[in-house]
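Asks: The following block contains the structure, expressed as structure tokens.
The values are calculated or read from the model by the stated rules, or taken from the named source; none is laboratory data. Predicted, not measured: the structure shown is a model, and the values here were computed from it. Backbone-built Cβ (ideal geometry, glycine too); neighbour counts: all protein chains shown. Areas reflect the complete protein model, heavy atoms only, side chains present, ligands, DNA and RNA absent. Shrake-Rupley method; radii C 1.70, N 1.55, O 1.52, S 1.80 Å.
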Amino acid sequence: MIRIALVLSLFARVASAQWWQHAVVYEIYPRSFQDSNGDGIGDLKGITSRLDYLHDLGIDAIWLTPIYPSPQVDFGYDISNYEAIDPQYGTLADFDTLVHEARKRGIRILMDMVMNHTSDQHPWFIESRSSRTNPKRDWYVWRDGKAPGQPPNNWLALFGHSAWQYDSGTGQYYYHKFYPQQPDLNWRNPAVERAMFRAVRFWLDRGVAGFRLDAITNLFEDPQLRDERVLGGTNAYGDPNEDDARTDNLPEVHDVLRSLRMVINTYPGDRVLIGETYLHGPEDLNKMYGRNNDELQLPMDMQVGLIDTLDATAYRRRITEAETMVRGNMPLFVFNNHDIHRSWDRYHPAAARIVATILLATRATAQMYYGEEIGMTTTTPTRKEDVRDPIGVIGWPREKGRDGERTPMQWDATANAGFSTSASPWLPVPSSSDSVNVAREQANPGSLLSWYKRLIALRRTDPAMARGDNAMLDYDSLNVLVWLRKTPGRTVVVACNLSAQPKTIVLRGALRPILRSDSAATGRSLPPYAVYIGAVE
Ligand code: GLC
């Protein structure tokens, strides 16, 4: 009995020591972080030169969006070689230096793995489209049209219009969930899995700590090619709205995830799988961890991050779901990434500290996006001719694309905000960089950057914040979001006033402030949008 208990407690300690549990993962969009050679495009050497900043911020890992060779139609999400670096970002040697220098600072590197599709310039696809009998034909999803000039069914690409592209060379259509330049791989062919897992091993062997899995719910489509249900109305591209039951989140995805998890488990050092999992609800999210917790360790929870209004009821309910519906697994919260408008613009600007607090003071792994910590805003192009993201061209003016959340990092108030010495960075540097920049906020203890740093430090050093349970309290009628972080010896209360009015709440026990956004906040009394974190004595 005693031996079993010992083994169990040892196991619990080992399990709780996994680095990614409660880590802070920082997403870098490499084109936009730091340019080291003056070509207007960020690169790996640039990222390495900023590691001290990231170390000081306190992050645990960097997720790099794709840096592989690519025609850059979708800025790297169209990969033409999975085992190399695009020359515009640097070399494999630069990558190794980045991994090494990051490790010295206790920071891990996560790669973005795009398994759903390749570039149409990938040698696999070039072969596949060369003839109907090519051995790689079946690596992609090729079908005959329904009738001359008609695609096989009504499926739509997420980036606009039919998901089927006619190929005149061989007289068939290929399927693409995203751009036509991103043909979907056929995951029903085992050779595809073998080739992709080889790429996965290539990077694990080079020391990456894991992957963010792009579009992972899209790997499989209905083999019978049944039409999607039409829902009525049109989307931003003018296409009919459709359901996604035939092309998204099919059960076969889980077989691939289990196999992939087995691959990464053969490597030492707690390698991790993060999933890009936009799902319909917590039940689907729960499945992503695997029935035996043998799939993704960290599927992204967008239920919390995309609430988009300061509504305490919605937060309390969804955070509770995240805590209770995933069988003790770790939720991964995220408010910002390279595909969605920055949170600063989706909420009231005064809410930036509240968003940071929900992200960093709950019991969740936190994923943040460069520039979030200084309050960068979305700078959407105002003219169609300035748009770089193709969906902004296809969907203009209803869909203006994602350039707005991908503008260069704002380091200081010098030319191009210190991002690049080029006369024309790949996207314009927002004029807000004069006042919203790292240098300025580093010098100001009251800045948003300082708030992020203090929260991140607290989540490491305070035992209740680091390891405590998370219990949401109901102050919905006041629109105040309150929760407790609790270990056997310590309780911390976090209270966020989500409203523009001062609020008073009833809390038991004596409170000792740990961190507050406004010196007038006492925990019981909260000025508009104030955050109070305090120990319950
Ligand atoms: C994911 C990426 C997005 C990309 C798409 C296609 O959603 O985050 O940026 O365009 O996949 O790869």
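Asks: Look at ALA199 and say whether it is more than 26 Å from PRO390 (Cα to Cα) and either within 16 Å of the ligand (Cβ to nearest atom) or of a type outside the set (Lys, Arg) (or both). Show your work before the answer.
Replies: Details: more than 26 Å from PRO390 (Cα to Cα): yes; either within 16 Å of the ligand (Cβ to nearest atom) or of a type outside the set (Lys, Arg) (or both): yes.
The answer is yes for ALA199.
Matching residues to (1) touching a strand residue (DSSP E or B) at 6+ places or on another chain (Cβ under 6 Å); (2) among the hydroxyl-bearing types (Ser, Thr, Tyr):
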site: SER447; (1), (2): no, yes
site: ALA464; (1), (2): yes, no
site: LEU473; (1), (2): yes, no
site: ASN479; (1), (2): no, no
site: THR487; (1), (2): no, yes
site: THR491; (1), (2): yes, yes
site: LYS503; (1), (2): yes, no
site: LEU526; (1), (2): yes, no
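Asks: So which of GLU321, GLU295 ends up being more than 16 Å from the ligand (Cβ to nearest atom), over 25 Å from CYS496 (Cα atoms) and not β-branched (Val, Ile, Thr)?
Replies: GLU295
Asks: Among the strands (runs of 3 or more DSSP E) confined wholly to the range 185-270, which include 1 or more residues that are loosely packed, with under 14 Cβ neighbours inside 10 Å?
Replies: Numbers: elements: 210-214, 230-234, 240-242.
The qualifying strands (runs of 3 or more DSSP E) are 230-234, 240-242.
Asks: Quick one: which residue in SER433, SER424 is more than 16 Å from the ligand (Cβ to nearest atom), assigned to a helix (DSSP H, G or I) and modelled with pLDDT of 95 or more?
Replies: SER433
Asks: Is it fair to say ALA364 is open to solvent by less than 10 Å² (accessible area, probe 1.4 Å), touching a strand residue (DSSP E or B) at 6+ places or on another chain (Cβ under 8 Å) and over 28 Å from ASP60 (Cα atoms)? Walk me through how you get there before you give the answer.
Replies: Numbers: open to solvent by less than 10 Å² (accessible area, probe 1.4 Å): yes; touching a strand residue (DSSP E or B) at 6+ places or on another chain (Cβ under 8 Å): yes; over 28 Å from ASP60 (Cα atoms): no.
Criteria not met by ALA364.
Asks: Something else: Mind counting the residues in the range 381-408 that are closer than 14 Å to HIS341 by Cβ and either assigned to a helix (DSSP H, G or I) or within 16 Å of the ligand (Cβ to nearest atom) (or both)?
Replies: So the answer is 12.
Asks: Name the single residue, out of those in the range 332-350 being open to solvent by less than 10 Å² (accessible area, probe 1.4 Å) and more than 12 Å from the ligand (Cβ to nearest atom), that is farthest from MET302 (Cα to Cα). Talk me through it step by step, then tell me what you get.
Replies: Here is the first cut: in the range 332-350, the residues open to solvent by less than 10 Å² (accessible area, probe 1.4 Å) are 332-338, 342.
Those left that are additionally more than 12 Å from the ligand (Cβ to nearest atom): 332-333, 335-336, 342.
Working: LEU332: 9, PHE333: 7, PHE335: 8, ASN336: 10, ARG342: 14 Å.
Here the answer is ARG342.
Asks: Would you mind stating whether ARG353 is away from the ligand (no atom under 16 Å from the Cβ), over 21 Å from GLU441 (Cβ atoms) and in contact with a Leu (Cβ under 8 Å, 6 or more places away or on another chain)?
Replies: Working: away from the ligand (no atom under 16 Å from the Cβ): yes; over 21 Å from GLU441 (Cβ atoms): no; in contact with a Leu (Cβ under 8 Å, 6 or more places away or on another chain): yes.
Judged against the criteria, ARG353 is not a match.
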